[in-house]
Amino acid sequence: MKVKVINEKSRYFGGIFKVIRMNFDNIMVNYQDVGGAKSFSFNDVECVSENEIDEFLIKNRNFLKIKLKRGISVLFYNALYESLELEIKEEIKELSLLRDKYKLHKSKVWEKEMLLLINNKFPLEVRASGKNFKKNGYSININKMERDNFLEVCCGEMEIIEDQINLKKGILSSLKEAIDYIQEAHEM
């Protein structure tokens with residue numbers, strides 16, 4: 001895939017660059033003058049497809065919310081899309097990623113566990129696996145979740161995140177306190 005810079009305020013306006021990698025928010029491109037790579041917001045560029053998977057990613061950017069670690073091909077997005085459509089029996093217009101866990105086993109088999117809400121009405125738990133650096137042969141298991149179970153899982157995820165935030169706040173407070181002590185000690 002390539003991108004053309006369409007932001008007139010950018011010094012790179014009109015430039016066309018080869019995409020190195022991308023996520024939901026940004027596109028990293030190959031650019032020699034800035035140390036080999038430059039990051040752009042999707043709002044600043046127009047994507048230029050070079051193949052079918054590029055077209056898929058342009059049309060289904062929400063799938064970029066799902067993180068693919070090294071060894072998982074971008075073709076996984078298309079396989080997941082097709083599996084999800086078969087399960088819900090309608091076109092995917094909205095994908096909300098609520099949980100995304102990744103595990104790599106010693107046998108070079110990766111495993112992903114995702115909690116998704118599709119089209120704001122289909123709560124799904126997805127377990128997928130595949131071999132590192134393989135472009136096919138994915139195992140994708142999709143389970144429709146009952147309303148109460150889905151709500152319980154979401155509340156559990158929220159508690160985990162709140163605990164992590166509180167832990168980080170405690171660490172942040174300790175760091176600020178340490179800075180204050182050191183600054184006061186050097187002022188004496």
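Backbone phi angles across region 127-140, fed through the Karplus curve with coefficients 6.51, -1.76 and 1.60 (θ = phi - 60°), yield HN-Hα couplings of 10, 9, 8, x, 8, 4, 6, 9, 9, 7, x, 6, 9, 10 Hz in residue order; Gly and Pro are listed as x. Compare LEU104, LEU175, LEU95 in a GNM of the chain, Cα atoms joined below 10 Å, and give the one with the largest fluctuation. Looking only at LEU104, LEU175, LEU95, the largest GNM fluctuation is found for LEU175. Once the C-beta distance of ASN51 and LYS106 is scaled by a Förster radius of 41 Å, the resulting FRET efficiency is 0.80 to the nearest 0.05. Region 36-84 has equivalent-ellipsoid semi-axes of 20, 14, 11 Å, by the square roots of 5 times the alpha carbon gyration tensor eigenvalues, sorted largest first. What a 1.4 Å probe finds exposed on the chain is 49% carbon and sulfur by accessible area, rounded to a whole percent. Going by accessible surface with a 1.4 Å probe and the largest first, MET145, MET28, MET158 read MET158, MET28, MET145. Hey, what's the Kirkwood Rh for the chain if you take every pair of different alpha carbons, in angstrom? Across the chain, the inverse of the average 1/r is 19.7 Å.
Rounding to the nearest 20 debye, state how big the charge dipole of the chain is about its Cα centre with +1 on each Lys and Arg Cβ and -1 on each Asp and Glu Cβ. Working shown, then result.
On the way: 31 positive and 30 negative charges, 198 e Å.
Here the size comes out at about 960 debye.
With 20 Å as the limit, the listed pairs LYS67/LYS144; LYS69/LYS168; LYS9/LYS93; LYS18/LYS38; LYS69/LYS169 have LYS67/LYS144; LYS69/LYS168; LYS9/LYS93; LYS69/LYS169 beyond it between alpha carbons. Among the trypsin sites (Lys or Arg not before Pro) in region 41-131, those placed in a DSSP loop whose Cβ has at most 14 other Cβ atoms within 10 Å are LYS67, LYS69, ARG70, LYS89, LYS93, LYS106, LYS108, LYS121.
Taking N as the number of residues in region 144-188, what value does Rg over Cα atoms divided by 2.2 N^0.38 Å take?
Details: Rg = 19.5 Å, N = 45, 2.2 N^0.38 = 9.3 Å.
That works out to 2.08 for region 144-188.
The values are calculated or read from the model by the stated rules, or taken from the named source; none is laboratory data. Bear in mind the structure is a predicted one, so any value in this text is a computation, not a measurement. Cβ: placed from backbone, ideal geometry, glycine included. Neighbour counts: every protein chain shown. These area figures cover heavy atoms from the full protein model, side chains too; ligands, DNA and RNA do not enter into them. Shrake-Rupley method; radii C 1.70, N 1.55, O 1.52, S 1.80 Å.
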